[in-house]
Amino acid sequence: MRVGVPKEIKIHEYRVGLTPGTVREYAAAGHSVVVETNAGAGIGATDEDYRKAGAVIADTATEIFAAADMIVKVKEPQAREWSQLREGQIIFTYLHLAPDPEQAKGLMASGCTAIAYETVTDAKGGLPLLAPMSEVAGRLSIEAAGSALKRSAGGRGILLGGVPGVVPARVVVIGGGVVGTHAARMAVGLGAEVTILDRSIPRLRELDELFTGRVRTRFPTTEAIEQEVFAADVVIGAVLVPGASAPKLVTREMLKSMRRGSVVVDVAIDQGGCFETSRPTTHADPTYEVDGIIHYCVANMPGAVPLTSSQALNNATLPFGLAIASQGFAAVTQDPHLRAGLNVHRGRITNKAVAESLGLSCPPDAIAA
């Protein structure tokens, strides 16, 4: 198969769909790989590095989209990218369609087959292609919160871990999945006082054992959320409903009872955000204030550490990408985990959660080849 890797064009996105090391694996499997010039600049990979790995370098993204059977990216295609997709072409990337009806319409109109990293599953019911970026985002969320808490950034002027004789910051993590666990791990490591809220009692037990009493765990009733949010210096939104829009768990009304200069970090912003006052921001302008509360809602947080992120993502996507490259669409029909990743095919939404979030139907025959 001809595999194309365009340079990412979302603002301040430095990751790349395939690293040179991963290109070597595709080439060794007999596939041809075309990479746009300077696509790897953000991770320090030169065009020559890609040539040595077996890739051909193209001057423009237009050449990539015109020639490739499968496009491998990191972030969701932008308007000038989805307009270049064609019927029968496969795109393998993060899509996050639930809060993005325009992209959904563009992909449907193109007739392409779009497979989303974030809804591919594994035998344990996990999301193996979302997990590595969730790990990165969870850890970065605490770094972002620490910076936003500084008085110079508009925050309360609190050090996350405090110092001897001074209480540390109170960090509340809503969601005990991959993002929440890694956020809590970072916060605990810095010495913050941490509470994790999650709707799964078994998961709360696991977290209690994992952190050996260093975090508090609570079931997220409305009362519990209010109590924790009102007392928090930092609230991390780490809620995930695979494929669907994130529920709005922290309302604007709640902000009025928070301390001025407190910080909320919405890691769920790719899925619409779990705070009512959230809107996507960028690395260039990451924060804004609502009712005295600092909001950090960068939609591609792992893009800030592209070398780590690209390597971690490629490690996870490689076996799935090679299967698609070797078998084409048949890989999707034969593998239920890749089937879960299929979001758009021949003009139809094929993921039920995505379709419901967009107010569309998902016909049972949507994946018919």
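A few notes on this one:
- Some residue of region 53-73 being at pLDDT below 95 and assigned to a loop (DSSP other than H, G, I, E, B): no
- Test for Ala325: is it in contact (Cβ under 8 Å) with a residue 12 or more places away in the chain, part of a helix (DSSP H, G or I) and surrounded by fewer than 21 Cβ atoms within 10 Å (Cβ to Cβ): no
- Here Ile43 clears all of (1) closer than 21 Å to Ala316 by Cα; (2) buried (at least 22 other Cβ atoms within 10 Å of the Cβ) except the condition numbered (2).
- Of the residues making up region 74-84, those that are in a loop (DSSP other than H, G, I, E, B) and either at positive phi or of a type outside the set (D, E, K, R) (or both) are Val74, Pro77, Gln78, Ser83, Gln84.
- Selected residue (criterion: nearest to Ile71 (Cα to Cα)) from residues of region 116-168 that are in contact (Cβ under 8 Å) with a residue 12 or more places away in the chain, polar (S, T, N, Q) and not in a loop (DSSP other than H, G, I, E, B): Thr119
- Hits in region 52-90 - residues which are under 26 Å from Ala29 (Cβ atoms) and either in contact with a Leu (Cβ under 6 Å, 6 or more places away or on another chain) or not assigned by TED's automatic domain parsing to the domain that holds Gly347 (or both): Val72
- The one condition from (1) touching a helix residue (DSSP H, G or I) at 6+ places or on another chain (Cβ under 7 Å); (2) over 28 Å from Ser110 (Cα atoms) that Arg51 does not meet is (1).
- Region 91-104 residues that are of a type in the set (S, T, N, Q), paired with ones that are buried (at least 20 other Cβ atoms within 10 Å of the Cβ) (beta carbon under 6 Å, 6 or more apart): Thr93/Lys73; Gln103/Glu76
- Residues (β-branched (Val, Ile, Thr), touching a helix residue (DSSP H, G or I) at 6+ places or on another chain (Cβ under 8 Å) and surrounded by fewer than 17 Cβ atoms within 10 Å (Cβ to Cβ)) located in region 1-37: Ile9, Thr37
- The one condition in (1) within 25 Å of Thr113 (Cβ to Cβ); (2) modelled with pLDDT under 95; (3) among the hydrophobic types (A, V, I, L, M, F, W, C); (4) touching a helix residue (DSSP H, G or I) at 6+ places or on another chain (Cβ under 7 Å) that Leu360 fails to fulfil: (4)
- Considering residues of region 177-231 that are among the small types (Gly, Ala, Ser) and surrounded by fewer than 17 Cβ atoms within 10 Å (Cβ to Cβ) only, the residue farthest from Leu255 (Cα to Cα): Gly213
- If the condition is being farther than 20 Å from Val305 by Cβ, in contact with a helix residue (DSSP H, G or I) (Cβ under 6 Å, 6 or more places away or on another chain) and buried (at least 22 other Cβ atoms within 10 Å of the Cβ), then region 138-172 contributes Gly155, Val171, Val172.
- Condition met for Gly273 (in contact with an Asp or Glu (Cβ under 7 Å, 6 or more places away or on another chain), surrounded by 15 or more Cβ atoms within 10 Å (Cβ to Cβ), in the same structural domain as Ile142 (by TED's automatic domain parsing) and not acidic (Asp, Glu)): yes
- The residue that is modelled with the highest pLDDT, counting only those in region 287-322 that are part of a loop (DSSP other than H, G, I, E, B) and crowded, with 20+ Cβ neighbours inside 10 Å, is Cys297.
- Complete set of residues in region 173-218 that are modelled with pLDDT of 95 or more, small (Gly, Ala, Ser) and out of contact with any Leu (no Cβ under 8 Å at 6 or more places or on another chain): Gly180, Ala183, Gly189, Ser200
- Here Gly111 meets each of (1) in contact with a strand residue (DSSP E or B) (Cβ under 7 Å, 6 or more places away or on another chain); (2) outside the structural domain of Val298 (by TED's automatic domain parsing) with one exception, condition (1).
- Region 4-22: number of residues that are assigned to a helix (DSSP H, G or I) and in contact (Cβ under 8 Å) with a residue 40 or more places away in the chain: 2
- For region 196-217, the criterion of being under 27 Å from His283 (Cα atoms) and either of a type outside the set (Val, Ile, Thr) or out of contact with any Pro (no Cβ under 7 Å at 6 or more places or on another chain) (or both) is met by at least one residue.
- Those residues of region 170-206 which are more than 12 Å from Ile236 (Cβ to Cβ) and assigned to a loop (DSSP other than H, G, I, E, B), in sequence order: Leu190, Gly191, Asp198, Arg199, Ser200
- Filter result for the condition that a residue is at negative phi and not in a helix (DSSP H, G or I), over Glu25, Glu87, Glu48: Glu87
The values are calculated or read from the model by the stated rules, or taken from the named source; none is laboratory data. Please read these numbers as outputs of a predicted model, since none were measured by experiment. Positions of Cβ are generated from backbone atoms using ideal geometry, with glycine treated the same way; all protein chains shown enter the neighbour counts.
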